[in-house]
Amino acid sequence: TQLLEQSPQFLSIQEGENLTVYCNSSSVFSSLQWYRQEPGEGPVLLVTVVTGGEVKKLKRLTFQFGDARKDSSLHITAAQPGDTGLYLCAGRDRSWGKLQFGAGTQVVVTP
Amino acid sequence: GAVVSQHPSRVICKSGTSVKIECRSLDFQATTMFWYRQFPKQSLMLMATSNEGSKATYEQGVEKDKFLINHASLTLSTLTVTSAHPEDSSFYICSAREERDREETQYFGPGTRLLVL
């Protein structure tokens, strides 16, 4: 079973639309990271959130960490075809220090 | 961000041969590196944690004699797939953990595509 639940699993939108990806867990994480992965490549780190309630913005991407540090969301404004990819959230467990990955959300943005 | 490299990027081998994959942290030292396996359209599955100067810690269900890990320096970890079989064909990705200002961040390599014939 996946410790981190990501939703939706797949998202197909038109260029210019907005989208939100959710990452939920019953566990508390010391930090949470969001990655984007393109086919045949390794995941690329987008952001790390550490503090409960934290909001970070990266151009058109907005990341939020839940107050209880159990969930997070990624919001993309005015999506572009270059935003296409597999978005992965990963939470760091306090006790082991290992990253726990969600199943990923495949985002496709069509022109 | 920090850079992690992997070599080779793709390899094709015959069944029964061994394949070595290298993972290097290029601009930072990593006492801890991780090896993942990824199947098509799935998330990353952690195989093992590689600690510099000590034995690797394998996840449940991963054969340590099949997937040999060596972390001989603070910038290099290797994964050797011994006596490879077609079912070992997969995308293998390494990751190196950077510790800076009390924060830990994992950076991933570009992955190695292994095809065993």
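The values are calculated or read from the model by the stated rules, or taken from the named source; none is laboratory data. Just so it is clear, the structure is predicted and the values come from calculations on it, not from any experiment. Methodologically, a virtual Cβ is constructed for each residue, glycine included, from the backbone with ideal geometry; neighbour enumeration extends over all protein chains shown. Heads up: the accessible areas ignore ligands, DNA and RNA and are worked out on the full protein's heavy atoms, side chains in. Shrake-Rupley method; radii C 1.70, N 1.55, O 1.52, S 1.80 Å.
Overview of values
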item	result
B:SER54 vs. criteria hydroxyl-bearing (Ser, Thr, Tyr) and either touching a Gly at 6+ places or on another chain (Cβ under 6 Å) or part of a strand (DSSP E or B) (or both)	no
Candidates A:GLY52, A:GLY85, A:GLY91, A:GLY97 - the one that is open to solvent by less than 50 Å² (accessible area, probe 1.4 Å) and more than 26 Å from B:THR32 (Cβ to Cβ)	A:GLY85
Pairs where the first residue, in the stretch A:72-86, is more than 12 Å from A:LEU11 (Cβ to Cβ) and the second is among the aromatic types (Phe, Trp, Tyr) and assigned to a loop (DSSP other than H, G, I, E, B), C-beta under 9 Å, 6+ apart	A:SER72/A:PHE29
Among (1) in a strand (DSSP E or B); (2) of a type in the set (D, E, K, R); (3) more than 30 Å from B:SER9 (Cβ to Cβ), the one test that A:ASP67 misses	(1)
Subset of the stretch A:20-44 (residues that are of a type in the set (Val, Ile, Thr) and either in contact (Cβ under 8 Å) with a residue 60 or more places away in the chain or closer than 12 Å to B:GLN106 by Cα (or both))	A:VAL21, A:VAL28, A:VAL44
Residue in the stretch A:15-22 that is under 21 Å from A:ARG92 (Cα atoms), of a type in the set (Gly, Ala, Ser), assigned to a loop (DSSP other than H, G, I, E, B) and more than 10 Å from every other protein chain (Cβ to nearest Cβ) present	no
